[in-house]
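First the structure, in the form of structure tokens, and then the observations on it.
The values are calculated or read from the model by the stated rules, or taken from the named source; none is laboratory data. All of these numbers come straight from a predicted model, not from anything done at the bench. Note that each Cβ is placed from the backbone with ideal geometry, even for glycine, and that neighbours are counted across all protein chains shown.
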Amino acid sequence: MNYFLQIYGTLPRAGPGSNALTRKALALIPHLPDSPRILDLGCGPGMQTLELLRLSNGTVVALDFLPEMLERVKAAAQNAGLSERLEIVHQDMNRMDFPEGVFDLIWSEGAIYNMGFENGLKKIKKLVKPGGYVAVSEAVWLQPDPPAEVLEFWREYPEIDTVAAKLEIVKKIGYEVLGHFILPPTAWTEAYYDPMEKRIAAKAGAWRGIPEAEAVLQEARKEIAVFRKYPDYFSYAFFVMQNGA
């Protein structure tokens with residue numbers, strides 16, 4: 001039994017964000033074709049996938065390495081009457097085999113860390129058309145000298161850095177920065193940590209005495225506790241950019 005997926009794989013979102021923030025990021029893009037081809041990289045359960053389908057009138061290619069997530073995206077799109085413009089790709093983002101220059105927009109909310117921020121932006125630059133767009137959300141420090149508990153929490157992702165440092169990487173790779181903004185605390189709580197706490201409470205009794213399951217619950221509790229204690233030290237930032245022609 002995959003206890004991790006029973007907690008994290010059942011949430012409305014796979015990480016911080018909201019439909020309003022997806023719309024805010026998309027609004028930073030000055031012009032998309034009438035029917036753009038969009039890659040949603042690491043789509044998770046697909047809340048933002050559906051929002052992109054609603055807003056763009058384009059085709060959205062939803063890519064994830066977890067078939068459970070892709071099934072959720074597919075079902076949600078069918079329920080919303082948007083499935084005709086959805087394509088599902090079961091693939092690891094580190095092993096993508098798309099032809100070069102096939103997407104008008106590449107989107108990734110809270111998932112590019114799986115490739116590494118700099119490495120990921122370099123790789124997807126080849127897949128987006130010249131003059132096309134990239135929008136990603138990425139972990140950032142909000143102030144210097146975070147407490148030891150926060151540093152330990154982010155130890156597994158050493159690429160977390162300041163917004164300024166991330167912008168320098170974007171420019172170094174050859175993108176033009178169109179805009180950026182910090183995700184507010186509500187982006188972490190409303191569709192992510194609040195429902196996660198409910199899932200933890202629902203499973204705690206049934207999973208008592210199962211070491212693997214209790215470890216998942218403990219890790220989830222710790223993650224929530226660190227954020228609620230130190231929300232001023234870290235968040236995600238959305239970065240919207242254009243590929244150099």
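A compact table of results
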| item | result |
| --- | --- |
| Whichever residue in the stretch 51-68 is more than 14 Å from the chain's Cα centre (by Cα) and crowded, with 24+ Cβ neighbours inside 10 Å and, among such residues, is farthest from A191 (Cα to Cα) | V60 |
| Within the stretch 158-167, tally of residues that are more than 12 Å from L121 (Cβ to Cβ) and either surrounded by 13 or more Cβ atoms within 10 Å (Cβ to Cβ) or of a type in the set (K, R) (or both) | 5 |
| T186 polar (S, T, N, Q), out of contact with any Pro (no Cβ under 6 Å at 6 or more places or on another chain), surrounded by fewer than 20 Cβ atoms within 10 Å (Cβ to Cβ) and closer than 25 Å to L50 by Cβ | yes |
| Helices (runs of 4 or more DSSP H) completely within the stretch 131-245 that count 1 or more residues being touching a Phe, Trp or Tyr at 6+ places or on another chain (Cβ under 9 Å) and β-branched (V, I, T) | 148-153, 163-173, 211-229 |
| Flag for G110 being crowded, with 16+ Cβ neighbours inside 10 Å and of a type in the set (G, A, S) | yes |
| Selected residue [closer than 30 Å to P231 by Cβ and modelled with pLDDT of 95 or more] from L39, L26 | L26 |
